[in-house]
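Here's a structure for you.
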Amino acid sequence: MQGITKALRLHGRQLRHAVLQHMNKGIFSWATLISRIQSESPTVIIPHIGLENITVSEILKAKGEAEARAVYWCDTSNLVHEAVKHMTAHNVGALVVLKSGDMKQLAGIVTERDFARKILLPGRPSEETRVEDIMTEEDKLITVSSSTNILRAMEVMTDKHIRHVPVYDEKVVGMISVGDVVRAIVDQQHQEVKQLKKYIGGDYY
């Protein structure tokens with residue numbers, strides 16, 4: 001049980017650091033996200049295997065077979081208006097962008113933030129602007145692989161101030177959000193706390 005306690009302290013510090021860093025920069029309210037996750041019914045999305053053993057692949061599997069295999073995308077020639085409608089229809093905050101004419105080649109990513117900053121604020125017409133004009137291009141794109149540990153994924157998101165990361169294994173196999181990562185971390189810690197309570201309560205001998 002000492003190992004569980006040590007792990008909880010270590011990962012708890014990392015999570016608090018990420019929360020405070022984002023709150024201080026005013027980029028994203030981690031505290032609000034975590035509060036919402038903790039207020040929901042505690043559903044185990046990943047078996048209790050410890051944070052050091054959880055990879056991005058586990059997150060994709062936990063999202064459900066259909067969703068894990070679904071990569072929501074658009075291509076560079078699509079209009080921004082079409083891309084936003086696609087995000088809304090699937091309740092996602094970002095789309096992988098593939099190169100027009102070659103649906104296997106990753107071109108970048110387009111997010112709700114891109115729409116807000118590059119379309120809404122300057123007053124550009126989304127019906128006349130193409131995705132390639134507002135997306136984050138491939139040379140600036142941050143990706144993770146399915147084998148990336150979730151703590152490393154959280155570190156990347158925190159350092160780069162991003163909320164969505166494509167999962168790339170020689171081809172795009174999915175997308176994870178900061179919500180997916182935080183949910184998995186909170187869920188694992190919730191299970192560790194339950195084990196500690198059982199131990200303290202005498203359920204372990």
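The values are calculated or read from the model by the stated rules, or taken from the named source; none is laboratory data. All figures in this text were calculated on a predicted structure; none of them were measured in a lab. All Cβ positions, glycine included, derive from the backbone under ideal geometry; neighbour counts span all protein chains shown. SASA here: full protein model, heavy atoms, side chains in, ligands and nucleic acids out. Shrake-Rupley method; radii C 1.70, N 1.55, O 1.52, S 1.80 Å.
Restricting the first residue to region 179-196 and requiring it to be open to solvent by 20 Å² or more (accessible area, probe 1.4 Å), which pairs with a second residue that is hydroxyl-bearing (Ser, Thr, Tyr) meet a Cβ separation below 8 Å and a spacing of at least six or different chains?
Taking only residues 6 or more apart or on different chains, the pairs are Leu196/Thr5.
Of the residues Glu170, Glu137, which is farther than 30 Å from Ile49 by Cα and open to solvent by 80 Å² or more (accessible area, probe 1.4 Å)?
Sole residue among the options that is farther than 30 Å from Ile49 by Cα and open to solvent by 80 Å² or more (accessible area, probe 1.4 Å): Glu137.
Pick from Arg163, Arg152: which is free of Cβ contacts under 8 Å to residues at least 12 places away in the same chain and open to solvent by 30 Å² or more (accessible area, probe 1.4 Å)?
So the residue among Arg163, Arg152 that is free of Cβ contacts under 8 Å to residues at least 12 places away in the same chain and open to solvent by 30 Å² or more (accessible area, probe 1.4 Å) is Arg152.
A further question follows. Which residues, counting only those in region 163-177, are aliphatic (A, V, I, L, M) and modelled with pLDDT of 90 or more?
To start, the set of residues in region 163-177 that are aliphatic (A, V, I, L, M) comprises 165, 167, 172-173, 175-176.
Within region 163-177, Val165, Val167, Met175, Ile176 qualify.
What residue, among those in region 97-115 that are surrounded by fewer than 20 Cβ atoms within 10 Å (Cβ to Cβ) and touching a residue at least 40 places away in the same chain (Cβ under 8 Å), is farthest from Lys140 (Cα to Cα)?
Going through the qualifying residues, I end up with Lys104.
Further, regarding this structure: Can you tell me which residue in region 116-134 is surrounded by the most Cβ atoms within 10 Å (Cβ to Cβ), limited to those that are among the hydrophobic types (A, V, I, L, M, F, W, C) and closer than 22 Å to Val178 by Cα?
Out of the qualifying residues, it is Ile134.
Next up: Would you pick out the residues in region 149-167 that are touching a strand residue (DSSP E or B) at 6+ places or on another chain (Cβ under 9 Å) and under 18 Å from His48 (Cα atoms)?
Listed by number, the residues that qualify are Asn149, Ile150.
Can you pull out the residues in region 79-92 that are part of a helix (DSSP H, G or I), closer than 23 Å to Asp180 by Cα and of a type outside the set (A, V, I, L, M)? Before you say what the answer is, go through the steps one by one.
Filtering region 79-92 for residues part of a helix (DSSP H, G or I) gives 80-90.
Within this subset, residues satisfying the condition of being closer than 23 Å to Asp180 by Cα are 83-90.
Lys85, His86, Thr88, His90 - these are the residues of region 79-92 that are part of a helix (DSSP H, G or I), closer than 23 Å to Asp180 by Cα and of a type outside the set (A, V, I, L, M).
Let me ask you something else. How about region 93-205: which helices (runs of 4 or more DSSP H) wholly inside it have at least 3 residues that are within 20 Å of Pro47 (Cβ to Cβ)?
Helices (runs of 4 or more DSSP H) meeting the threshold: 150-160, 178-201.
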